[in-house]
Amino acid sequence: MGETMGLLTAALAIAVAYSFASLKVLRQYERGVSFFLGKFWGTKGPGLAFVPFGFATIKRVSLRTVAMDIAPQDVITRDNVTVKVNAVLYMRVGDPARAIIEIEDYLYATSQLAQTTLRSVLGEVELDELLADREKINARLEKIIDLRTDPWGIDVSAVEVKDVLLPDQLKRAMALQAEAERERRAKVIAAQGELQASETLAQAAHTLAREPASLQLRYLQTVTEIAAENNSTTIFPVPIEMFRPFMEMAARGAAAGSAQTAIPPAAPPALPAGEPAASAMDAQALSEIMGRLRAEAAEQHRKDHG
């Protein structure tokens, strides 16, 4: 009887120990892919899972998102420029069973696939597109890698190109190009400013021409601005319109003088008795000057009236 109780106790102790050895604790973010006698038995977890010790095995798989750094790759773009590009890939296991059964090492396989895809995709774009249109390239990389890792149970959430390393010669060439582009824009902007200024001045000239009084006000404003500088000399601009009456009077006088050119010049007045000979000479000189003035007026009238 004692031997039987000892055997039962030993068997119970072995069963308890075996049961404890067969229990597995899986965290919330873990799943266990179990195999019973080498055959897929199911996915366990999270929590406490029973896996018969010696008859079944379990592979733990993390469901958390993994940030995988893609090593820098030497890429030749479509316009034959050699650059070094590195990127980062964000992925997680969507189907733990396929991640264990369909691929030996899903992390290593995804990393290698990301590297080859990065080289192939960037080889189809030009350098300017690579530098300016990152979002489009990232979306294309994500779509291709996610499609090819889907049979492995891997979900790719994002692929981001982190940095593009350019050769020093290319950097200098791009700097010269950027400087030339900035100079071109500056010249275009200056030319456009001159064009707009000339159009505005033309409109202002038309407005001033319609209202002559506004031109006088503009002259007075200019004088006020000059006087504000405390200058010792002030230049007062006089409009040509102020001289027009005098010019018309001169023209009428020239016309009247041309009509009298045919009349012989009057004899110099007789000198009174007792006047010196110098007075006679002054009168003769005055007569000659008047004759020349009449001749010049007649010639000017002839030129003005054809």
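Derivation of every value follows stated rules applied to the coordinates shown; laboratory data play no part. Everything numeric in this text was worked out from a predicted model, so none of it was measured. So basically every Cβ, Gly included, is an ideal-geometry build from the backbone, and we count neighbours across all protein chains shown.
Some points to look at:
- Sites GLU181 and SER120 - FRET efficiency at Förster radius 41 Å, r taken between beta-carbons, to 0.05: 0.85
- The convex hull defined by the C-alpha atoms of the stretch 7-61 has an orientation-averaged projected area of 3.9 nm².
- Applied to the stretch 83-88, the Karplus parametrisation 6.51 cos²θ - 1.76 cosθ + 1.60 on θ = phi - 60° returns per-residue 3J(HN,Hα) values of 9, 10, 10, 10, 8, 10 Hz, with x for Gly and Pro.
- Sites ALA13 and PHE40, calculated FRET efficiency, Cβ-Cβ separation with R0 35 Å, nearest 0.05: 0.60
- Once the chain from ASP155 to GLU288 is taken as fully extended at 0.36 nm per residue, the excess over their C-alpha distance is 36.2 nm.
- Backbone N within the stretch 58-95 under 15 Å of label point (7 Å from GLN169 Cα along the Cβ vector): 80-83
- Rounded to the nearest 20, the Cβ-based charge dipole of the stretch 30-147 about its Cα centre (Lys and Arg +1, Asp and Glu -1) stands at 760 debye.
- Listed by chain and number, the aspartates and glutamates whose C-alpha is less than 16 Å from the C-alpha of LYS59, apart from same-chain residues fewer than 8 away, are GLU30, ASP95, GLU102, GLU104, ASP105.
- Sequence-distant residues sharing a close amide H with LYS44 (under 5 Å, placed H): GLY32, VAL33, SER34
- Segment ASP69-ALA209, length gained on full extension (0.36 nm per residue, minus Cα span): 43.0 nm
- Annotation: amide H-H contacts under 5 Å for GLY94 (H modelled 1.01 Å from N, sequence separation of 5 or more, or interchain): ILE154, ASP155.
- Along the stretch 128-140 the Karplus relation, 6.51 cos²θ - 1.76 cosθ + 1.60 evaluated at θ = phi - 60°, assigns HN-Hα couplings of 4, 5, 5, 7, 9, 10, 5, 4, 5, 5, 4, 5, 5 Hz to successive residues, with x for each Gly and Pro.
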